[in-house]
Every structure is written in structure tokens, then in C-alpha cells.
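Student: Pasting a structure here, questions to come.
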Amino acid sequence: MEFKVSELEREPIDFDLQLAPGSVDLGEEAKQDGNLITSGQAEVLHEHRGPKDIVADIRLRGRFAGKFQVPCARCVEPVDLPLEADFDLIFRPAEADSEAPERSITAPETEIGYYQKDSLLLEDVLREQVLLSLPVRTLCKPDCKGLCPRCGQNRNSQECSCEVGPRDPRWEALAGLRGRIGS
């Protein structure tokens, strides 16, 4: 769904959508499992920067909910993850700040996004919000054994026959240290 500034100038636009899997490109980080439900409102806010300098910001308020699959951080098996969150975002035209001199920004200004060509795609906003809502690290279970570093076998489903491996010769000088300290 595309929000155009010219349409939002007339009146705010309410949305209530169910987006099918694949409608929002989440890349390799996650896979959408079922519909992504979203609702909210888009409106224009006029930012007065001077007597004749008015910037049309788009404010997007809403929420999303859906089920996703993310890879386990240890064994890479898919983990089901329900997500839902509220958002209240401001987007400014990209060209509004392009010629501004270099300056430090305030904390609220770090929350401002940018749109191009007088419109904003809801799918782009949802992609960003879903990816930001994902946990940094997800495990299929707290005691996940992960993958064997030698053969790649999932150690949760089957033990592999790989040996622990040869010692690194650089550590040989320290090999008997534990025994010497104990005596």
C-alpha cells in the first residue's frame, strides 16, 4: 500500500490489512508464516521551517501482528516466533535535509525516517518494524546442542562420529600445567 502526500493532504488514510506471506520481503532473517495483520492511520504533519519553507512529514501510527520463523542461532532449525508491536513513526522527504549543513542531531531526530518521490510504502515500513522486533538471538530450546563444527550434523537429532580433533600445538606448553599446579 502506498501513501502519497497529495492524498494525505486531503485527509488521513486509515488502513486495516492482512498481507499474505511474501508480500513483505524479510530477506534471510525471517520467514512469514501466515498473514501479517496490520492496522493504523497515515497523516501529513506540516513542519514550518520558515515563512515559506514548509515540509510535509508523514506520520504513520499503527500496529502489526503475525507469526514468523527464524533460524535457531545454534542448529539453524526454524523456530516459530509470534510477534506483535505498535509503531508511531515520522517520515520526512529525503530532499528536506539533503543540503543542510553538518550538525549534531537531537535524540528525537534519530527516530525520523525518510521517504522518496512524495510517497511511502507500507510494506517497507512493516519490513523494518518486523526486523527490529526480532530478538537478537533465538534458540529452538535452551539446551540446543547446535551443529557439529566438522561434519555439520545437527547434534540435537543425532550424535556424529567425529573425533574431538587434534590439539592445537601452540597449547602444548600449557598441557601439563593443571597437574603441576595441583601438586
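What follows is calculated from the coordinates using simple rules that are stated; it is not laboratory data. Owing to the predicted nature of the structure, the values given are computational and were not obtained by experimental measurement. Positions of Cβ are generated from backbone atoms using ideal geometry, with glycine treated the same way; all protein chains shown enter the neighbour counts.
Student: Taking the Cα centre of the chain as the origin and placing charges on Cβ (Lys, Arg +1; Asp, Glu -1), which of 162, 5, 112 is farthest toward the positive end of the dipole?
Tutor: 162
Student: Relative contact order (percent) for the chain, with alpha-carbon contacts under 8 angstrom and 6 or more residues of separation? Write down the numbers at each step before the final one.
Tutor: On the way: 281 pairs, mean separation 35.4, N = 183.
Normalised by residue count, the contact order of the chain is 19 percent.
Student: Starting with the highest mean, order 54-65, 77-88 by the number of other Cβ atoms within 10 Å, averaged over the residues of each peptide.
Tutor: Going by the mean number of other Cβ atoms within 10 Å, highest first, we get 54-65, 77-88.
Student: Here is a follow-up. When the dipole is taken about the Cα centre of the range 2-133, and only Lys, Arg (+1) and Asp, Glu (-1) are charged at their Cβ, what size is it in debye, to the nearest 20?
Tutor: Working: 14 positive and 29 negative charges, 23 e Å.
I would put it at about 120 debye.
Student: Can you spot the lysines whose alpha carbon is less than 25 Å from residue 117's alpha carbon? Ignore those fewer than 8 places along the same chain.
Tutor: Answer for residue 117, where 25 Å is the Cα cut-off: 4, 52, listed by chain and number.
Student: Less than 17 Å from a label point 7 Å out along the Cα-to-Cβ axis of residue 117: which backbone N atoms in the range 1-20 qualify, by residue?
Tutor: 1-7, by backbone N distance to the label point.
Student: Starting from the Cα of residue 141, draw a straight line to each of the lysines and keep only those under 23 Å, dropping any in the same chain fewer than 8 residues away.
Tutor: The reachable lysines, counting only those whose Cα sits under 23 Å from residue 141, are 31, 67.
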